[in-house]
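**Student:** The structure's right below; bear with me while I get my questions together.
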Amino acid sequence: MRRLIFSRPKSLRDVEMHYCAGCGHGIVHRLLCEAIDELGIRERTIGVAPVGCAVLAYDYWDFDVTEAAHGRTPAVATGIKRVRPENIVFSYQGDGDLAAIGTAEIIHTANRGENITVIFVNNGVYGMTGGQMAPTTLAGQKTDTTIAGRNLKRDGYPIKILEMLAVLPGVRYAERVSVHSAQETLRAKRAIKKAFKTQVDNIGFSIVEILSMCPIYWGMTAIQAAERIETEVATFYPIGVIKSY
Amino acid sequence: MTPKLLMCGNEACGEGAILAGCTFYAGYPITPQNELTAYMARRLDEVGGVFIQSESELAAINMVFGASVAGARAMTSSSSPGISLKQEGISYLVGCELPAVIVNVQRGGPGLGNIAPSQADYFQAVKGGGHGDYKLIVLAPSSVQEFLDCTYHAFDLADRYRNPVFILSDGLLGQMMEPVQLKTIGHRPKTIDKPWALTGCKGRKPNVIRSLLLGDGVLEEHNKKLQKKFKDIKAREVRAESFHIKDSDIILVAYGSVARTAKASMQKARSEGLKVGLIRPITLWPFPDKLIEDIADKTKKFLVIEMSAGQMVEDVMLAVKGKSEVDFYGRMGGEIPTEEEIMQKIEALI
Amino acid sequence: MPKIKIDKPKCKGCYLCVVNCPKGLIKISGDMNIKGVKAAFFSRSGKCTGCAMCAVICPECIIEVYDT
C-alpha cells in the first residue's frame, strides 16, 4: 500500500497556474495554502489578491478572496479584519504593489498594528506589465526601463521595506525568506506558517518577504535565476528573521 | 414625538448613518467636513462600530471597500480634493458591486481652491469621476434634516442595488445648524442578507469579489448587467421636489443649499405677481429629466442656478430637448448666489 | 522504496526539481509534452529517499511523493 507523503494542499485548487516556468509565485501560493491547511483555518480565511502577476490568485486559492486596487491591499485587508476580527485575513503583494504604489498603505497598516498577515513576494521587477524596474530592482540590474542597468543616480536605490517596517512598534513579526532552493523553501514555509499563527494568536501585524525568481524578466533560465538569488539578491536582501516576539 | 436636536449638517449626516446601522467609517481630515469625521469617531465608539482615521483618502475608500466586502454598512466622507483621490476606489466599488456610502461636502475648486461652499463637483459625482462606464446614485440634500434623512436612506439604496451611493452636499449645508428630528430613533434597520460577502467559506463554496474580468466577452456581459441595474435605478429612484410648475413662465432649477435661496427668490417673485416656479432635484442621478421634459413645452424659460460655472444646466438642457429656453446663473469659487441676484436675473428674463 | 510521480503534461520545464534532487534521479525527457516542453521525469536510476525536495521546489505543484 503506497502512502502519499507529499501532495497538493487542500486549499490550492487543482488547476494549472498561469505563471511562467520557474516563477516563484506558484511555490508561494502552495506554501501559504499548506500553512492555512495545517493551522486548520481555511474556512475562516479571507485573502486579498493584488494587482500584478498574482492578480488571478483567486483562481487558485480555495477560500474566500477579493482583489484590491494596485497597492491598496493592506487598506482593504484592514477594512475586512476590523469588521470580522474572527476571520484570518491576509494580503498578498508583489514588490511594485507593496513597495512603490502602496508604500503609504503598508507603512500605516503596519504602524496601526493591524492583526493581519502580509505575504510580500519580491522578485525585483514588474512582471505583469513587461519587466520594468521595480523599487526593489538591484543596482545595475537590467530591466525594460533600465536598459543599461539600474542607475542609482537616475533611478534611486533599491528599497529594503522590511528593515523600514521593523522599526515600527506595530510590527510584531517580520522575516525574509526565499524560494530559490528546496531547503530555503522549507524555511519559507515555516516563516509563512508562523506569520499566520501570529494572527491566529492575536499577536499583531506579521509580514514575510519572499525573494522569488522571475526568470523571464531577469533574462535567464529558472536555474540561473535561482542561482542569482543565492549569489546576488540575497546578498543585498539578507535572509533571516528581522523582527520577532 | 422625539425632541428636536440642534445639529450642524455634518453631524446630522453622521447621525443618519448611525441610525441606518452604519458600523464602519474611515476618513481623513479635510475642511469643511471635519465635524462628520469627529462625530463618527465619537458615535461609532458608543455603538461598538469601527472608526479609522486613515493615512489618506485612498486608504479610507479602500478600507470602506474591505468593510463592504466583509458585509458591513460602511461610509467615508471628504471634501472636493479628497473626493478626487477616492475616485479610483469608487470605480472599484461599482465594478465589484459593493454597497457603500460616500459623502462629499463640497468646497471651491479647482485645485486646492478654498474652503467655501461650492457645487463644482456635480460632473464628477453624476457623470463618472473614476474610470469605466458607471453610475452612482447621487443624493443632494437641501437642509440639515434632509442631510440626515438622505444619509439614512442611502444605506438602504446601496444595499438594495449593491452600488455605492453618493451624497453631494456642500460646505454651507455641512456647517450650518438647524433643528433636526430624529424620527427614526430606536429603529434598527433590517439587516439585509448578503450571501455574496466574504465571511470565510465555512459551509459553502468560496466567494470571490473582483472586477478583473479577462475572458472573451465577460467584461461586456458584466457591463450589460450593470447597465440594466442602472436602468432599474433610473426607473424607480428619481426624487425631486417641485413648486408651481403647472402655471409658471419661468421655472427655476436648483439643488442642495442654493435651492433654498432659489425658493426664497421664487416666493418673492410670486409675491410680486411674477409666475415663477421651482424644481429641486433630490436625486442628481437618476436625474428628474422626465419631470422637466413633461413641462418643457408649456414653460417659457428655465433658469438654472448653481454654485458653479454651469454643470447641472447641461442635464436640464438635455431634458428640455430644445423645447424652451434654458438660462443659467451661477457663482463660482465659493461665492453664493443671493436672493437679490436671482431676482435680478428673473426680472431680466421676464 | 519511495517514488515520485510527475504530472508530465503539466510540466513547464523549469527543471528546478532536477537541480534540487540530492540523488540526481530527475532527468529531462528527450521528447516534448503537449506544451512543447521537454518535461522532467523520474529516472529510477538510483535510490529515491522520499525527501520530497523535488515536490517542495516545484512551482506547478505537479509532483507527488509516495512511500512504500
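**Student:** Looking at (1) at pLDDT 95 or above; (2) within 12 Å of chain A (Cβ to nearest Cβ); (3) surrounded by fewer than 19 Cβ atoms within 10 Å (Cβ to Cβ), can you tell me which one C:G13 breaks?
**Tutor:** All conditions pass for C:G13, except number (3).
**Student:** Go through (1) under 30 Å from B:P337 (Cβ atoms); (2) surrounded by fewer than 15 Cβ atoms within 10 Å (Cβ to Cβ) one by one and return the number of the condition B:K205 breaks.
**Tutor:** (1)
**Student:** Would you please name the residue that is nearest to B:H153 (Cα to Cα), looking only at residues in the stretch B:19-37 that are away from chain A (no Cβ under 14 Å), crowded, with 22+ Cβ neighbours inside 10 Å and touching a Lys or Arg at 6+ places or on another chain (Cβ under 8 Å)?
**Tutor:** The extreme case among them is B:A20.
**Student:** Are any of the residues in the stretch A:61-73 more than 14 Å from chain B (Cβ to nearest Cβ) and among the hydroxyl-bearing types (S, T, Y)?
**Tutor:** Going residue by residue through the stretch A:61-73, those that are more than 14 Å from chain B (Cβ to nearest Cβ) are none.
No: zero hits.
**Student:** Among the residues of the stretch A:180-191, write down those that are in contact with a strand residue (DSSP E or B) (Cβ under 6 Å, 6 or more places away or on another chain) and either among the basic types (K, R) or more than 18 Å from A:T45 (Cβ to Cβ) (or both). Give the derivation first.
**Tutor:** The first filter runs over the stretch A:180-191 and keeps only residues in contact with a strand residue (DSSP E or B) (Cβ under 6 Å, 6 or more places away or on another chain), leaving A:184, A:187-188, A:191.
If the condition is that a residue be in contact with a strand residue (DSSP E or B) (Cβ under 6 Å, 6 or more places away or on another chain) and either among the basic types (K, R) or more than 18 Å from A:T45 (Cβ to Cβ) (or both), then A:E184, A:R187, A:A188 are the ones that fit.
**Student:** Now a separate question. Would you mention how many residues in the stretch A:197-210 are buried (at least 24 other Cβ atoms within 10 Å of the Cβ) and away from every other protein chain (no Cβ under 14 Å)?
**Tutor:** 5
**Student:** Right, B:L219: free of Cβ contacts under 8 Å to residues at least 12 places away in the same chain, surrounded by fewer than 17 Cβ atoms within 10 Å (Cβ to Cβ), touching a His at 6+ places or on another chain (Cβ under 7 Å) and not assigned by TED's automatic domain parsing to the domain that holds B:P281 or not? Reasoning before the result, please.
**Tutor:** Values: free of Cβ contacts under 8 Å to residues at least 12 places away in the same chain: yes; surrounded by fewer than 17 Cβ atoms within 10 Å (Cβ to Cβ): yes; touching a His at 6+ places or on another chain (Cβ under 7 Å): no; not assigned by TED's automatic domain parsing to the domain that holds B:P281: yes.
In short, no.
**Student:** Of the residues B:K224, B:K228, only one is among the charged types (D, E, K, R), assigned to a helix (DSSP H, G or I), at pLDDT 95 or above and within 23 Å of the chain's Cα centre (by Cα); which?
**Tutor:** B:K228
**Student:** Those residues that are in contact (Cβ under 8 Å) with a residue 40 or more places away in the chain and closer than 22 Å to B:F147 by Cα, I need them from the stretch B:49-67; list them, please.
**Tutor:** Listed by number, the residues that qualify are B:I61, B:V64.
Each row is one residue, and each column tells you yes or no for (1) in contact with a Lys or Arg (Cβ under 9 Å, 6 or more places away or on another chain); (2) of a type in the set (G, A, S); (3) over 24 Å from B:N104 (Cα atoms).
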position	(1), (2), (3)
B:A235	no, yes, yes
B:A240	yes, yes, no
B:D247	yes, no, yes
B:M266	no, no, yes
B:A269	yes, yes, yes
B:I282	yes, no, no
B:W285	yes, no, no
B:K290	no, no, yes
B:A296	yes, yes, yes
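**Student:** For the subset of the stretch B:66-83 comprising residues that are more than 21 Å from B:I18 (Cβ to Cβ) and more than 15 Å from the chain's Cα centre (by Cα), which member is farthest from the other protein chains (Cβ to nearest Cβ)?
**Tutor:** Within the stretch B:66-83, the match that is farthest from the other protein chains (Cβ to nearest Cβ) is B:P81.
**Student:** Here are A:A225, A:A166: which of them is surrounded by fewer than 24 Cβ atoms within 10 Å (Cβ to Cβ) and either in contact with a helix residue (DSSP H, G or I) (Cβ under 6 Å, 6 or more places away or on another chain) or more than 30 Å from C:C11 (Cα to Cα) (or both)? Let's see the steps before the verdict.
**Tutor:** Details: A:A225 fails: surrounded by fewer than 24 Cβ atoms within 10 Å (Cβ to Cβ).
Result: A:A166 is the single residue among A:A225, A:A166 that is surrounded by fewer than 24 Cβ atoms within 10 Å (Cβ to Cβ) and either in contact with a helix residue (DSSP H, G or I) (Cβ under 6 Å, 6 or more places away or on another chain) or more than 30 Å from C:C11 (Cα to Cα) (or both).
**Student:** So, one more: Given the residues C:V65, C:V56, C:V37, which is the only one that is within 11 Å of another protein chain (Cβ to nearest Cβ) and part of a helix (DSSP H, G or I)?
**Tutor:** One residue alone meets the criteria, C:V56.
Listed here are the residues, each with its yes/no results for (1) farther than 15 Å from A:G124 by Cα; (2) crowded, with 18+ Cβ neighbours inside 10 Å.
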site: A:T143; (1), (2): no, yes
site: A:Y157; (1), (2): no, no
site: A:V179; (1), (2): no, yes
site: A:I192; (1), (2): yes, yes
site: A:S212; (1), (2): no, yes
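**Student:** Going by the conditions given, is B:E335 on the phi < 0 side of the Ramachandran plot, over 26 Å from the mean Cα position of the chain (by Cα), surrounded by fewer than 16 Cβ atoms within 10 Å (Cβ to Cβ) and in the same structural domain as B:L252 (by TED's automatic domain parsing)? Explain how you work it out, then say what you get.
**Tutor:** On the way: on the phi < 0 side of the Ramachandran plot: yes; over 26 Å from the mean Cα position of the chain (by Cα): no; surrounded by fewer than 16 Cβ atoms within 10 Å (Cβ to Cβ): yes; in the same structural domain as B:L252 (by TED's automatic domain parsing): yes.
Taking the combined requirement at face value, the residue does not satisfy it.
**Student:** Quick check: anything in the stretch B:41-53 closer than 25 Å to A:N87 by Cβ and among the polar types (S, T, N, Q)?
**Tutor:** yes
**Student:** Then there is this: Does the stretch A:192-200 contain at least one residue that is of a type in the set (D, E, K, R), within 22 Å of A:T45 (Cα to Cα) and part of a strand (DSSP E or B)? So that I can check it myself, show each step before the final result.
**Tutor:** Looking only at the stretch A:192-200, we keep the residues that are of a type in the set (D, E, K, R), and these are A:193-194, A:197.
Pick out the ones that are also within 22 Å of A:T45 (Cα to Cα) and you get A:193-194, A:197.
Next cut, part of a strand (DSSP E or B) only: none.
No, the stretch A:192-200 has no match at all.
**Student:** In the list B:K300, B:K263, B:K225, which residue meets the criterion of being surrounded by fewer than 22 Cβ atoms within 10 Å (Cβ to Cβ) and under 16 Å from B:V320 (Cα atoms)?
**Tutor:** Every option except B:K300 fails the conditions.
**Student:** All but one of (1) under 12 Å from B:L252 (Cα atoms); (2) under 21 Å from the mean Cα position of the chain (by Cα); (3) in a helix (DSSP H, G or I) hold for B:K290, so report the exception by its number.
**Tutor:** Here B:K290 meets the rest and fails (1).
**Student:** On to the next question. For the stretch A:14-42, how many residues meet the condition of being over 19 Å from the mean Cα position of the chain (by Cα), within 24 Å of B:L212 (Cα to Cα) and more than 7 Å from chain C (Cβ to nearest Cβ)?
**Tutor:** Of the residues in that region, 2 qualify.
**Student:** Take the conditions within 7 Å of another protein chain (Cβ to nearest Cβ) and at pLDDT below 95 and apply them to A:L56. Does it pass?
**Tutor:** Spelling it out, it is not the case that A:L56 is within 7 Å of another protein chain (Cβ to nearest Cβ) and at pLDDT below 95.
**Student:** Let me ask something additional. State all residues of the stretch B:38-65 that are surrounded by fewer than 24 Cβ atoms within 10 Å (Cβ to Cβ), facing chain A (nearest Cβ under 7 Å) and touching a Ser or Thr at 6+ places or on another chain (Cβ under 7 Å); if no residue qualifies, say none.
**Tutor:** Across the stretch B:38-65, the qualifying residue is only B:V50.
**Student:** Residue by residue through the stretch C:23-47, note down the ones that are among the polar types (S, T, N, Q) and surrounded by 12 or more Cβ atoms within 10 Å (Cβ to Cβ).
**Tutor:** Scanning the stretch C:23-47 gives C:S29, C:N33, C:S43.
The values are calculated or read from the model by the stated rules, or taken from the named source; none is laboratory data. Small disclaimer: the values here were computed from a predicted structure and weren't measured. Please note: Cβ atoms are built from the backbone with ideal geometry, for glycine as well, and neighbour counts cover all protein chains shown.
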